[in-house]
Amino acid sequence: MSMILDVSHISVSIERTPDDVYRFASNIEGWSQWAAGLGRPLRREGDAWWFDSQMGELRVRVAAPNPFRVLDHDVTLPSGETVHNPLRVLPNGQGSELVFSVFRQPGTSDAAHENDKAAVSRDLHTLKRLLEEA
C-alpha cells in the first residue's frame with residue numbers, strides 16, 4: 001500500500017504575464033536571487049544543477065522547458081534523499097499565480113513542516129518583488 005503525504009499549496013499572485021514569470025523563474029542561474037534554501041548554483045552537469053547550500057551540495061533537476069509553464073524540480077539532498085517539488089505558473093486574470101506544493105516528508109515534525117512552508121512563502125514573495133519591480 002502506498003503512503004499519501006500531507007501537502008500544502010503555497011501561492012502568490014504576480015502582476016506579470018505567465019510567460020514573463022515562467023521565463024524569469026526558469027533561469028536556474030538566477031534562483032539564488034529568490035530561492036534562499038538552495039544557496040547558490042555551482043555548476044551544471046547534463047540535466048542537473050549543483051547548488052552550494054547550508055546543508056551541503058544539492059543536486060537539482062528541473063522539468064525541461066515546456067509550454068505548460070511547469071517548473072517541477074527534484075532536489076537530492078547530501079543524504080541521498082530526493083524531494084519532489086511541484087512548481088507551476090498559472091494564468092490569473094492579466095497576471096499570474098505561482099503555486100508551489102510542499103509535501104510533508106515522513107518524520108518531519110509539525111514545527112519543521114511549518115518552517116518549510118514559511119520558507120517557501122518567503123521565496124515566492126521575493127520572486128514576486130523581483131518581477132514586479134523589474
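Taken together, the values in this text are just the output of simple stated rules run on the coordinates, not laboratory data. As the structure is a prediction and not an experimental result, all values here were calculated from the model. Cβ: placed from backbone, ideal geometry, glycine included. Neighbour counts: every protein chain shown.
Numbers at a glance
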| read-out | value |
| --- | --- |
| Condition met for L98 (touching a Leu at 6+ places or on another chain (Cβ under 9 Å) and part of a helix (DSSP H, G or I)) | no |
| Residue within the stretch 37-54 that is closer than 15 Å to S11 by Cβ, in a loop (DSSP other than H, G, I, E, B) and not aromatic (F, W, Y) present | no |
| Breaking point among (1) exposed (fewer than 14 other Cβ atoms within 10 Å of the Cβ); (2) within 20 Å of L130 (Cβ to Cβ); (3) in contact (Cβ under 8 Å) with a residue 40 or more places away in the chain, for V89 | (1) |
| Candidates R104, R23, R16, filtered to the one that is among the basic types (K, R), within 27 Å of E133 (Cβ to Cβ) and in contact with an Asp or Glu (Cβ under 7 Å, 6 or more places away or on another chain) | R16 |
| Every residue from the stretch 18-36 that is assigned to a loop (DSSP other than H, G, I, E, B) and either surrounded by 15 or more Cβ atoms within 10 Å (Cβ to Cβ) or touching a Phe, Trp or Tyr at 6+ places or on another chain (Cβ under 7 Å) (or both) | S26, W34, A35 |
| Residue list for the stretch 98-119, restricted to those being in contact with a helix residue (DSSP H, G or I) (Cβ under 8 Å, 6 or more places away or on another chain) and without any contact (Cβ under 8 Å) to a residue 60 or more places away in the chain | T108 |
